[in-house]
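Working notes for the structure below.
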Amino acid sequence: MSTILVTGAGRGLGQELARQYAAEGWKVIGTERGPKAKYRLDVTDFGQAKKLAKKLKGAPIDVLFCNSGIIGKRGMALGKFDYQSWEEVLRVNLLGAAAVAEAFAANVAASERKVIAMMSSRLGSISESSGVTLPYSTSKAALNMLVKGLSAALKDKGVTVVALSPGWVRTDMGGASAPLSPEASVAGLRRVIGNLEMKDTGRFFSHDGSSIPW
């Protein structure tokens, strides 16, 4: 049985990822922040990831999906930057993902599929940037750089590390007017993950399988 660990599995795309992989017979380790969660993990408490890894006792993780993320304060503009809010976005979206990847890299390397997927966004593409939603966009641009760095660091262990964009999805973050359902977005992400090869490490993909420029 293949195993996937999904952070932020209590709602939105994380919940849908957990649901779809479980429906296909995968063992799903879905982490949530709540005190009643079976696998409790607040990604901003960096030590919790190490504690959870210790609890899993080296169990192989075929796909590590770093999904946890927040958008932060919307409409932030030059002259009105809220640095506390910006810092929180970076702590969740970037440093939280780094802590999770560091804690579970050995578990992924011990598995058959050996994939680390980071939930990024097209807003994190520097070449396509419009300069909007700066806290979120900068956090995802930095996350993409983390993907590049991890892909180099883990290449010799055969681990494929990629950034994935789910598209504009109807979630609490994406809003009701978004064109994609969570079900369709996640189905696309799963196809991308299922088709990954080692040559794809360090790349940035959309949910439809197309490559996104950094």
- Message: Residue pairs, Cβ under 8 Å, 6 or more apart or interchain, first in region 97-109 and within 18 Å of residue 69 (Cβ to Cβ), second of a type in the set (S, T, N, Q) and in a helix (DSSP H, G or I). List them.
- Response: none
- Message: It is to be established whether one or more residues within region 71-90 are open to solvent by less than 30 Å² (accessible area, probe 1.4 Å), more than 25 Å from residue 187 (Cα to Cα) and assigned to a helix (DSSP H, G or I).
- Response: yes
- Query: Taking region 187-214 only, how many residues are of a type in the set (Val, Ile, Thr) and either at pLDDT below 95 or out of contact with any Phe, Trp or Tyr (no Cβ under 9 Å at 6 or more places or on another chain) (or both)?
  - Reply: 1
- Item | Filter result (polar (S, T, N, Q) and either surrounded by 16 or more Cβ atoms within 10 Å (Cβ to Cβ) or touching a strand residue (DSSP E or B) at 6+ places or on another chain (Cβ under 7 Å) (or both)) within region 28-47 | 31
- Of (1) open to solvent by 30 Å² or more (accessible area, probe 1.4 Å); (2) closer than 26 Å to residue 154 by Cβ, residue 96 satisfies every one except (1)
- Note on residue 213: of the conditions (1) within 27 Å of residue 26 (Cα to Cα); (2) open to solvent by 10 Å² or more (accessible area, probe 1.4 Å); (3) not small (Gly, Ala, Ser), unmet is (1)
- Query: Of the residues in region 133-173, how many are modelled with pLDDT under 95, out of contact with any Leu (no Cβ under 8 Å at 6 or more places or on another chain) and either open to solvent by less than 30 Å² (accessible area, probe 1.4 Å) or in a loop (DSSP other than H, G, I, E, B) (or both)?
  - Reply: 2
- Message: Looking at residue 130 and the list (1) in a loop (DSSP other than H, G, I, E, B); (2) open to solvent by less than 20 Å² (accessible area, probe 1.4 Å), which single condition is not satisfied?
- Response: (2)
- Message: Among the residues in region 181-192, are any touching a residue at least 24 places away in the same chain (Cβ under 8 Å), out of contact with any Leu (no Cβ under 7 Å at 6 or more places or on another chain) and within 20 Å of residue 93 (Cβ to Cβ)?
- Response: no
- So residue 185, is it open to solvent by less than 40 Å² (accessible area, probe 1.4 Å) and of a type in the set (Ser, Thr, Tyr): yes
- Note on the structure: In region 1-23, residues that are outside any helix (DSSP H, G or I) and in contact (Cβ under 8 Å) with a residue 40 or more places away in the chain total 9
- Message: If I go through region 9-27 residue by residue, how many of them are among the hydrophobic types (A, V, I, L, M, F, W, C) and open to solvent by 40 Å² or more (accessible area, probe 1.4 Å)?
- Response: 2
- Message: Step by step: first the residues of region 48-70, then only those that are of a type in the set (Val, Ile, Thr) and under 19 Å from residue 24 (Cα atoms), then the one that is surrounded by the fewest Cβ atoms within 10 Å (Cβ to Cβ). Which residue is that?
- Response: 63
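The values are calculated or read from the model by the stated rules, or taken from the named source; none is laboratory data. Note that the structure is a prediction, hence the values are computed from the model and not measured. Note that we place each Cβ from the backbone using ideal geometry, even for glycine, and neighbour counts take in every protein chain shown. SASA here: full protein model, heavy atoms, side chains in, ligands and nucleic acids out. Shrake-Rupley method; radii C 1.70, N 1.55, O 1.52, S 1.80 Å.
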